[in-house]
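K.L.:
To start, I am sharing the structure in question, which I have written as structure tokens.
Every number in this text was worked out from the coordinates using simple rules, so none of it is lab data. What you see is a predicted model; the values in this text were computed from it and never measured. Note that each Cβ is placed from the backbone with ideal geometry, even for glycine, and that neighbours are counted across all protein chains shown.
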Amino acid sequence: MNSIVKKLVLLCGSACVLFSCNTAEKQPVEQKPADAPMSYMDIVRERYSCRSFDSVQVKREHLDVILEAGRLAPTAKNLQEQHVYVCQSPEVLAKIDSLCPCRYGAPTCLVVTWDATNVFTYPGGKYDSGAEDATIVATHMMLAAKSVGVESCWINFFDPDAMRNALNLSKNEKVLMLLPIGYAGKNAAPNQNHFSRKPIEETVTYK
Ligand SMILES: Cc1cc2nc3c(=O)[nH]c(=O)nc-3n(C[C@H](O)[C@H](O)[C@H](O)COP(=O)(O)O)c2cc1C
């Protein structure tokens with residue numbers, strides 16, 4: 001090999017090393033496949049209130065994950081006073097729509113209630129565990145939904161007693177909230193509120 005060829009080989013080699021270094025730097029830190037499981041913080045960050053749903057029904061395997069997450073929620077004294085209604089029939093969805101404008105076309109609407117006769121009353125007698133326990137159940141389900149690619153929106157814009165009557169629930173049952181669930185519709189996107197959170201210093205105090 002004459003010296004010019006040697007120099008050319010060296011030059012190409014260096015260029016390759018440089019090029020591969022640059023490429024490595026530009027790679028994202030973590031490249032996950034599209035169907036990789038989301039971390040808890042991914043789920044918390046990416047969940048948003050979905051207000052446009054596809055009419056395709058939630059797959060049974062996804063619904064089962066969501067309901068199981070609710071079942072495993074902690075409750076005061078382990079009373080498990082919650083109940084979850086899976087509303088999918090056109091008749092029941094129409095009843096819900098007659099009392100609340102916020103189903104947003106979701107093909108399934110979960111209704112979370114608690115049995116007011118089976119709650120733990122805290123010392124002082126001012127509060128009981130009912131709404132708190134049912135809220136934890138609902139939160140588990142909302143986040144589990146996101147983990148399997150199902151969107152949701154927490155809904156409280158209705159009269160809970162009217163909803164209880166419309167759904168023929170017992171007088172002992174209190175309706176906590178509705179959770180419309182489904183796959184994102186064409187126009188689904190987080191609204192401005194989703195990106196507006198107070199700085200942590202305003203909501204957390206170390207004492
Ligand atoms: C207790 C509660 C009640 C809510 N009620 C409604 C409702 O009735 N209708 C609605 O469209 N969104 C409702 N939301 C959604 C909130 O508006 C939403 O969570 C908030 O603006 C933050 O946006 P993000 O969920 O997209 O992050 C409710 C949320 C919570 C936690």
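K.L.:
How high is the relative contact order of the chain? Use alpha-carbon pairs under 8 Å, at least six apart in sequence, and give a whole percent.
P.N.:
29
K.L.:
Sum up the lysine pairs in segment 54-183 that clear both bars: alpha-carbon distance under 22 Å and a spacing of 8 or more or different chains.
P.N.:
Lysine pairs meeting both conditions in segment 54-183 amount to 7.
K.L.:
What does the highest-first list of 140-150, 46-56 look like by mean Cβ count within 10 Å?
P.N.:
Answer by packing, highest mean first, reads 140-150, 46-56.
K.L.:
Scan around residue 48 for amide H atoms under 5 Å from its own, H built in the peptide plane at 1.01 Å from N, and keep only partners 5 or more places away or cross-chain.
P.N.:
Long-range HN contacts for residue 48: 152.
K.L.:
Ranked highest first by the average count of other Cβ atoms within 10 Å around their residues, in what order do 35-44, 171-180, 85-94, 197-206 fall?
P.N.:
Those peptides, ordered most packed to least, come out 171-180, 85-94, 35-44, 197-206.
K.L.:
With labels modelled as points extended 7 Å from the Cα through the Cβ direction, what inter-label distance (nm, one decimal) is found for residue 68 paired with residue 94?
P.N.:
3.6
K.L.:
To continue, here is another question. Which whole-Hz ³J(HN,Hα) couplings does segment 143-150 yield from phi under the Karplus relation 6.51 cos²θ - 1.76 cosθ + 1.60, θ = phi - 60°, glycine and proline marked x?
P.N.:
6, 4, 4, 4, 5, 10, x, 9
K.L.:
Something else about it: What are the residues whose amide H is under 5 Å from the amide H of residue 176, where those residues sit 5 or more places off or on another chain and H is modelled from the backbone?
P.N.:
Amide H neighbours of residue 176, under 5 Å, 5+ apart: 112, 113, 114.
K.L.:
Can I ask one more? So in the chain, what percent of DSSP beta bridges are antiparallel if you round to the nearest 5?
P.N.:
DSSP beta bridges in the chain are roughly 95 percent antiparallel.
K.L.:
Let me ask something else. What nm value, rounded to one decimal, do you get for the distance between residue 59 and residue 86 when each label is placed 7 Å out toward the C-beta?
P.N.:
Going from the residue 59 label point to the residue 86 one covers 1.5 nm.
K.L.:
Please give the contour-minus-distance gain from residue 196 to residue 156: 0.36 nm per residue of separation, less the Cα-Cα distance, rounded to one decimal in nm.
P.N.:
Extra length available between residue 196 and residue 156 comes to 12.4 nm.
K.L.:
What residues have an amide H closer than 5 Å to that of residue 184, excluding those fewer than 5 places away on the same chain, when H is modeled at 1.01 Å from N in the peptide plane?
P.N.:
54, 151
K.L.:
Still on this structure: Just want to confirm a number: the relative contact order over segment 89-139, from Cα pairs under 8 angstrom separated by 6+ residues, in percent.
P.N.:
In percent, rounded to a whole number, it is 24.
K.L.:
Could you give the length gained by full extension between residue 34 and residue 170, i.e. 0.36 nm per residue of separation minus their alpha carbon distance, to one decimal place?
P.N.:
44.5 nm
K.L.:
While we're on this one: State, to one decimal in nm², a quarter of the convex hull surface area for the C-alpha atoms of the chain, i.e. the direction-averaged projected area.
P.N.:
20.3
K.L.:
Starting at the first residue of segment 63-68, write each ³J(HN,Hα) from the Karplus equation 6.51 cos²θ - 1.76 cosθ + 1.60 with θ = phi - 60°, in whole Hz, x for Gly and Pro.
P.N.:
The phi angles translate into 4, 4, 4, 4, 5, 5 Hz.
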